[in-house]
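The values are calculated or read from the model by the stated rules, or taken from the named source; none is laboratory data. Since the model is a prediction, treat every value here as computed from it, not as a measurement. Virtual Cβ from ideal backbone geometry, glycine too; neighbours counted across all protein chains shown. Surface accessibility is based on the protein's heavy atoms, side chains included, excluding ligands, DNA and RNA. Shrake-Rupley method; radii C 1.70, N 1.55, O 1.52, S 1.80 Å.
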Amino acid sequence: MRIDRAAIPAYAASLAAAAYVPGLDPETHFLGDPGPTAGYILTLDAINFGSGYFPHLRRRDQRSGYFHVARALKARWERVGPLAPAELAQITIPECRAIFDQPAEGPAGELMGLFAAALNAFGRHLLERHGGDFEQLMAAAGGSAERLAGLLAEVPFFDDVHDYRGLRVPLYKRAQIAGADLHLAVGGFHDLERLTVFADNLVPHVLRLDGVLAFDSALAGRIERGELIGSGSEEEVEMRACAVHAVELIKGHTGRTAMELDHLLWNRGQGPRYKARPRPRCRTVYY
């Protein structure tokens, strides 16, 4: 695939002029007192993946699988209270199925197993490194979203680094988006401009349909047929890395941060034009 650099200036101008302010939807996200809210956001971003599984989920929200997961976790926070790190370290697959209203079998059941493993790993990390306290993790970041991403990148399932033709390519989608989401929910981060776009499957899809990314015909055909793209495959890493590079080029023309552009493009992807075309799907723990 390639970036159509000639398309960047006009496209960037259209994004610079877009009347859009990043924010979290209060209908689907828990937004209360700072402590429980920070715990909710960090827990949500520990399981902010499932692209290739989402078509198989039982969903209460038709926008995307992400909104179903966010809403279900919010309901757990409001109904029972926050999940403490010690609880995350021991949460079971049946408990995840109950929280997210999913069956035991099929791709949705497989995703619940991955959710439990991701939450266990995150809970153990908090217990071992940060006194079993979400707020100690945030204090260790010292108001730096970049530092928080580095701390989270030490946790299994957040360690989003891939081999590409002998290179090590760090993408850190969820490790970076955690700081951005926390800033929108509770504030306090001073270096959001240090983040890149949060490389997943939807932003490349939007950039492709908007004429910024060009996929070769073989890959485009696989996507249109709904075939899964392998996690860590050359085409999957290239797709995500090209999206990061393209947004960095766009950013230079707009005055917006990569975080702002990511929210704009991701939410654009919820529109009917982008929903009508198959997006790249990958069963991965990274998005």
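On the basis of being aliphatic (A, V, I, L, M), under 25 Å from residue 156 (Cβ atoms), open to solvent by 30 Å² or more (accessible area, probe 1.4 Å) and touching a Pro at 6+ places or on another chain (Cβ under 9 Å), does residue 104 make the cut? It is true that residue 104 is aliphatic (A, V, I, L, M), under 25 Å from residue 156 (Cβ atoms), open to solvent by 30 Å² or more (accessible area, probe 1.4 Å) and touching a Pro at 6+ places or on another chain (Cβ under 9 Å).
Find the residue count for the range 190-211, including only residues that are out of contact with any Gly (no Cβ under 6 Å at 6 or more places or on another chain) and free of Cβ contacts under 8 Å to residues at least 60 places away in the same chain. Of the residues in the range 190-211, 4 are out of contact with any Gly (no Cβ under 6 Å at 6 or more places or on another chain) and free of Cβ contacts under 8 Å to residues at least 60 places away in the same chain.
With respect to residue 239, determine if the residue is out of contact with any Pro (no Cβ under 6 Å at 6 or more places or on another chain) and among the hydrophobic types (A, V, I, L, M, F, W, C). The answer is no for residue 239. Across the range 212-232, the number of residues qualifying as β-branched (Val, Ile, Thr) and either closer than 25 Å to residue 163 by Cβ or without any contact (Cβ under 8 Å) to a residue 60 or more places away in the chain (or both) comes to 2. Please work out which residue is farthest from residue 119 (Cα to Cα), limiting yourself to the range 136-191 and to residues that are buried (at least 21 other Cβ atoms within 10 Å of the Cβ) and among the aromatic types (Phe, Trp, Tyr). The residue in question is 189.
Are any residues in the range 169-202 in a helix (DSSP H, G or I) and either charged (D, E, K, R) or modelled with pLDDT under 95 (or both), and if so, which ones? Within the range 169-202, 173, 174, 181, 193, 194 meet the criteria. Residues that are in contact with a Gly (Cβ under 8 Å, 6 or more places away or on another chain), more than 21 Å from residue 276 (Cβ to Cβ) and not hydrophobic (A, V, I, L, M, F, W, C) within the range 54-84 comprise just one, 82.
With the requirement that a residue be of a type in the set (A, V, I, L, M, F, W, C), open to solvent by 10 Å² or more (accessible area, probe 1.4 Å), in a helix (DSSP H, G or I) and within 23 Å of residue 270 (Cβ to Cβ), what does the range 203-248 give you? Matches in the range 203-248: 209, 220, 242, 244.
Against the conditions (1) assigned to a helix (DSSP H, G or I); (2) open to solvent by 30 Å² or more (accessible area, probe 1.4 Å), residue 123 satisfies every one except (2).
Could you list, in sequence order, all residues of the range 250-273 that are small (Gly, Ala, Ser), closer than 16 Å to residue 194 by Cα and open to solvent by less than 10 Å² (accessible area, probe 1.4 Å)? Walk me through it before giving the result.
Pass one, the range 250-273, residues small (Gly, Ala, Ser): 252, 255, 258, 269, 271.
Now drop any that are not closer than 16 Å to residue 194 by Cα, which leaves 252, 255, 258.
Once the filter is applied, which keeps residues that are small (Gly, Ala, Ser), closer than 16 Å to residue 194 by Cα and open to solvent by less than 10 Å² (accessible area, probe 1.4 Å), the range 250-273 yields only 258.
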